[in-house]
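As structure tokens, the structure follows; a few thoughts come after it.
We did not get these values from a lab; they are worked out from the coordinates using the rules stated. All figures in this text were calculated on a predicted structure; none of them were measured in a lab. Here the Cβ positions follow ideal geometry from the backbone for every residue, glycine too, while neighbour counts run over all protein chains shown.
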Amino acid sequence: MLLNKKVAVITGGAGLNGLGFSTARMMAAQGARVVILDLAGANPAAAAAQLGEGHVGLVADVTDKASCDAAAAAVLEAFGRIDILVNNAGITQPVKTLDITGADYDRILDVSLRGTLYMSQAVIPAMRAQKAGAICCVSSVSAQRGGGILGGPHYSAAKAGVLGLARAMAREFGNDGIRVNCVTPGLIATDINKGLIPDDKMKAILEGIPLNRVGVPDDVAGCLVFLASDLAKYLTGVTLDVNGGMLIH
């Protein structure tokens, strides 16, 4: 198994039809002990129970540094180590540039970008002590092409920030044995976008995707498993496109 006896922490992982839970399920199948972090309303404990025995769900708010630090401490107390962090938590909003308020901007950037920073800060000391670790960050094709299908410009900015932050961390912590990489998903069928794209618009979208289909969460999860595993042990600072060819560059 690719992740045998590894301890993997996944933020925003409680939604059963989302990228985070799909990644949690696939990592568990590859031998990892998985910790799902999410807000209380998402019930991360129930999501972890779906994975079977030995996995844990903890309530944590990635926009709050103390909450991230407490979650990391709880994982270390339970398992003694943290091998993998998947910075998956993120939210979106379909508004145009001139309609973005200060509150909108703060809310979108706080979850994706501040959350990636705070949670990475929380686990890096343990990874440094181990001289090993893999941090995987979920960005978006929106960051690369200047806008996505549904998210506004502030979402693109947040996800572009994730790319820059991850690359900077990859340079800073490579000597500590910590690898930091990103995935940039294209349009993936999750509950967030279910029913929001009309049939005529979807037809046009599919015409621009060489593989001629919308992605599913497992498409992204498989790439995250790869980046977290020793198959990718000489990869850091990488951006792995998972978009069916929507953006080829």
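Based on DSSP H assignment, which helices of the chain show an axial Cα extent of at least 20 Å together with a mean Kyte-Doolittle hydropathy greater than or equal to 1.6? Passing helices, by number: none. Here ASP230, ASP176, ASP199 are placed in order of increasing Cβ neighbour count within 10 Å, fewest first, which gives ASP199, ASP230, ASP176. Residue-normalised convex hull volume from the C-alpha trace of the range 28-89: 85 Å³ per residue. For the chain, the 222 nm mean residue ellipticity estimated from helices alone, with every DSSP H stretch of n ≥ 4 adding -39500 (n - 2.57) and the total spread over all residues, rounds to -12500 deg cm²/dmol. Per-residue extension of 0.36 nm, minus the Cα-Cα distance of GLU172 and LEU98, leaves a gain of 23.0 nm for this segment.
Remark: the chain carries a charge dipole of roughly 560 debye about the Cα centre, counting +1 on each Lys and Arg Cβ and -1 on each Asp and Glu Cβ. When Cα extents along the principal axes in Å is calculated for this entry, the matching label among (i) 51, 39, 37; (ii) 50, 42, 37; (iii) 58, 35, 29 is (i). Out of the range 97-169, which trypsin sites (Lys or Arg not before Pro) are coil in DSSP terms and have no more than 14 other C-beta atoms within 10 Å? The qualifying sites are LYS131. Applying both filters, DSSP loop and at most 16 other Cβ atoms within 10 Å, to the trypsin sites (Lys or Arg not before Pro) of the range 187-249 gives LYS194, ARG213, LYS233.
The count of lysine pairs in the chain with alpha-carbon distances below 26 Å, taking only pairs 8 or more places apart or on different chains, stands at 17.
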